[in-house]
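The values are calculated or read from the model by the stated rules, or taken from the named source; none is laboratory data. Computed from a predicted model, the values in this text were never measured in an experiment. FYI the Cβ positions are ideal-geometry reconstructions off the backbone, even for glycines, and counts take in every protein chain you see.
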Amino acid sequence: MDFDLDPPLIALRDRVAAFVRDEVIPAESQPVDDALVASLRAKARRAGIYGPQLPVEFGGLGLGIVPLCVLFEQAGRSFLGALALHCSAPDEGNMHLLSLFATHAQRERWLRPLAEGEFRSCFAMTEPAPGAGSDPTMMETRATRVDGGWRIDGHKWFATGAEGARLTITMAVSDPDAAPHKRASMFLVATDSPGYQFLRAVPTMGGHGLGGHCELQYEGVFVSDDHVLGAPGDGFRMAQIRLAPARLTHCMRWLGAAQRSLEIAIARVKEREAFGKKLAEHQSIQWMIADSEIDLHASRLMVMEAAWKHEQGSDIRHESSICKVFVAEAVNRVIDRAIQMCGALGFSSDLPLEHFFREARAFRIYDGPSEVHRMVIARNVIGKT
Ligand SMILES: Cc1cc2nc3c(=O)[nH]c(=O)nc-3n(C[C@H](O)[C@H](O)[C@H](O)COP(=O)(O)OP(=O)(O)OC[C@H]3O[C@@H](n4cnc5c(N)ncnc54)[C@H](O)[C@@H]3O)c2cc1C
């Protein structure tokens, strides 16, 4: 196997790294709002690094998954980095879905302005109990056939970015009698549709990024047939196609945050003294650094291998589950150790570590909780043994 990156990719990676270091990290102390994001995106465009994942015809760089993973790690070094490059969740995954499955008219209406950053989008699948969660086939939101389209009724929550979004890609059961994974469809729901209600941004332990994690109600929301994304009944299939590579890019964004956390901790322990020597000279600190380096190295290799297989055309659902479990847990360990090495300073908001720590906790839950991925991995392994 060839583990070297092409020189043009190395140059692009270094440009993104420099942009994040020089333009994005200095903006971290400002309130995160649409105006800040728009100004960072304007700078990213000028730097020629806007929308690395977007098709060229939509103003992006049109890169494949391997270079994307490399760039997303650099973007992830700041919680503003992916927003600045317009490759943050959930817009990134939604734009990917639209570019794969939208009709020409849907692409012009939704993808083009979304790619331009004219509005934000969200993705609504999860429901409060007893509805869809770890097991999405428990979905209760219904899309009922009516004259000229569909009527949607249901209750969703944890739709990231829904506050202020203009588009909600909504999963709803459109054929309750079909096989479990063929029951649901995806609908493009404009948030000003009559009957669509934004209930609240759910308070969470995270940092309340743009648009929060939101609870939504659908009461007789009408969408015409041209608002169905892909074919009716294909909702779960498309969700999987959205999620398998999106899990890798998510892993790489988090890897960037974890890598930066380790670097911050190392800078601190090289300076701070206790018990007559630098903290970096204490063996238990060195072990924490070593364990974090091992976690980061293993995570990076694992994701890059899965990305490479995806680029070769392989089905990477198994590999992406492995990456999701390992990286989500490794990232939490690395950030936790970084806080420990920095002591009280690590717990303070003077460093970005506490922010990363609060946000990273959810990574073990969203995109499938670790337990569900372990279940799937074990089933695959048992099935082929
Ligand atoms: C920050 C954040 C952002 C999110 N963004 C979105 C979004 O944009 N759109 C969206 O639709 N959803 C989103 N979600 C929801 C997320 O996808 C769900 O939380 C996830 O699918 C788990 O569903 P649940 O919370 O209902 O957990 P539940 O289904 O209630 O499960 C609870 C726990 O049970 C355990 N468990 C479940 N199944 C098994 C099993 N088979 N074996 C062993 N243990 C098991 C796991 O530990 C799991 O964490 C987000 C969640 C968070 C925290």
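Here Ser314 passes the criteria (1) of a type in the set (Gly, Ala, Ser); (2) in contact with a His (Cβ under 6 Å, 6 or more places away or on another chain); (3) part of a loop (DSSP other than H, G, I, E, B) except the one numbered (2). Filtering region 112-137 to residues that are in contact with a Phe, Trp or Tyr (Cβ under 7 Å, 6 or more places away or on another chain) and either within 23 Å of Glu73 (Cα to Cα) or buried (at least 23 other Cβ atoms within 10 Å of the Cβ) (or both) leaves only Ala115.
Quick grid of which residues meet (1) at pLDDT below 95; (2) part of a loop (DSSP other than H, G, I, E, B); (3) under 18 Å from Ala258 (Cβ atoms); (4) not small (Gly, Ala, Ser):
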residue	(1), (2), (3), (4)
Gly60	no, yes, no, no
Pro67	no, no, no, yes
Glu73	no, no, yes, yes
Arg77	no, yes, yes, yes
Ala82	no, no, yes, no
Ala89	yes, yes, yes, no
Gly93	yes, no, no, no
Leu100	yes, no, no, yes
Arg107	no, no, no, yes
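Of the residues Gly164, Gly209, which single one is more than 17 Å from the chain's Cα centre (by Cα), closer than 30 Å to Pro352 by Cα and in the same structural domain as Pro130 (by TED's automatic domain parsing)?
On the way: Gly209 fails: more than 17 Å from the chain's Cα centre (by Cα).
So the residue among Gly164, Gly209 that is more than 17 Å from the chain's Cα centre (by Cα), closer than 30 Å to Pro352 by Cα and in the same structural domain as Pro130 (by TED's automatic domain parsing) is Gly164.
Residues that are over 11 Å from Pro90 (Cβ atoms) and within 14 Å of the ligand (Cβ to nearest atom) within region 165-178 comprise Thr170, Met171, Ala172, listed in sequence order.
Here is a yes/no grid of residues against (1) within 10 Å of the ligand (Cβ to nearest atom); (2) over 22 Å from Glu92 (Cα atoms); (3) at pLDDT 95 or above; (4) among the hydroxyl-bearing types (Ser, Thr, Tyr):
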{"position": "Phe347", "(1), (2), (3), (4)": "no, yes, yes, no"}
{"position": "Phe356", "(1), (2), (3), (4)": "no, no, yes, no"}
{"position": "Pro369", "(1), (2), (3), (4)": "yes, no, yes, no"}
{"position": "Val372", "(1), (2), (3), (4)": "yes, yes, yes, no"}
{"position": "Met375", "(1), (2), (3), (4)": "yes, yes, yes, no"}
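Of everything in region 230-253 that's surrounded by 24 or more Cβ atoms within 10 Å (Cβ to Cβ) and out of contact with any Gly (no Cβ under 6 Å at 6 or more places or on another chain), which residue is nearest to Met171 (Cα to Cα)?
Start the filter on region 230-253 by keeping residues that are surrounded by 24 or more Cβ atoms within 10 Å (Cβ to Cβ), which leaves 235, 247-253.
Pick out the ones that are also out of contact with any Gly (no Cβ under 6 Å at 6 or more places or on another chain) and you get 235, 247-252.
Values: Gly235: 7, Arg247: 19, Leu248: 22, Thr249: 22, His250: 21, Cys251: 24, Met252: 26 Å.
Selected residue: Gly235.
If you go through region 329-345 and keep only what is β-branched (Val, Ile, Thr) and within 16 Å of the ligand (Cβ to nearest atom), you end up with Val331, Ile335. Report whether or not Ile365 is without any contact (Cβ under 8 Å) to a residue 12 or more places away in the chain, within 16 Å of the ligand (Cβ to nearest atom) and assigned by TED's automatic domain parsing to the domain that holds Trp287. So Ile365 fits the description; yes. Gly148 fulfils the conditions (1) away from the ligand (no atom under 15 Å from the Cβ); (2) at pLDDT 95 or above except for a single criterion, (2). If the Cβ limit is 9 Å and pairs must be 6+ apart or interchain, which residue in region 132-160 that is closer than 24 Å to Arg374 by Cα pairs with which residue that is more than 15 Å from the ligand (Cβ to nearest atom) and of a type in the set (D, E, K, R)? If the second residue must be more than 15 Å from the ligand (Cβ to nearest atom) and of a type in the set (D, E, K, R), the pairs left are Thr137/Arg183; Met139/Arg183. For region 321-334, the criterion of being of a type in the set (Val, Ile, Thr), within 24 Å of Val202 (Cα to Cα) and surrounded by 17 or more Cβ atoms within 10 Å (Cβ to Cβ) is met by none of the residues.
Okay, residues lined up against (1) among the acidic types (Asp, Glu); (2) touching an Asp or Glu at 6+ places or on another chain (Cβ under 6 Å); (3) more than 27 Å from Gln30 (Cα to Cα):
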site	(1), (2), (3)
Lys156	no, yes, yes
Thr160	no, no, no
Thr168	no, no, yes
Arg183	no, yes, yes
Pro194	no, no, yes
Gly212	no, yes, no
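For the residues Ala159, Ala129, the requirement of being within 12 Å of the ligand (Cβ to nearest atom) and either aromatic (Phe, Trp, Tyr) or part of a loop (DSSP other than H, G, I, E, B) (or both) singles out Ala129. Residue count for region 254-271 satisfying the condition of being touching a helix residue (DSSP H, G or I) at 6+ places or on another chain (Cβ under 7 Å) and exposed (fewer than 15 other Cβ atoms within 10 Å of the Cβ): 1.
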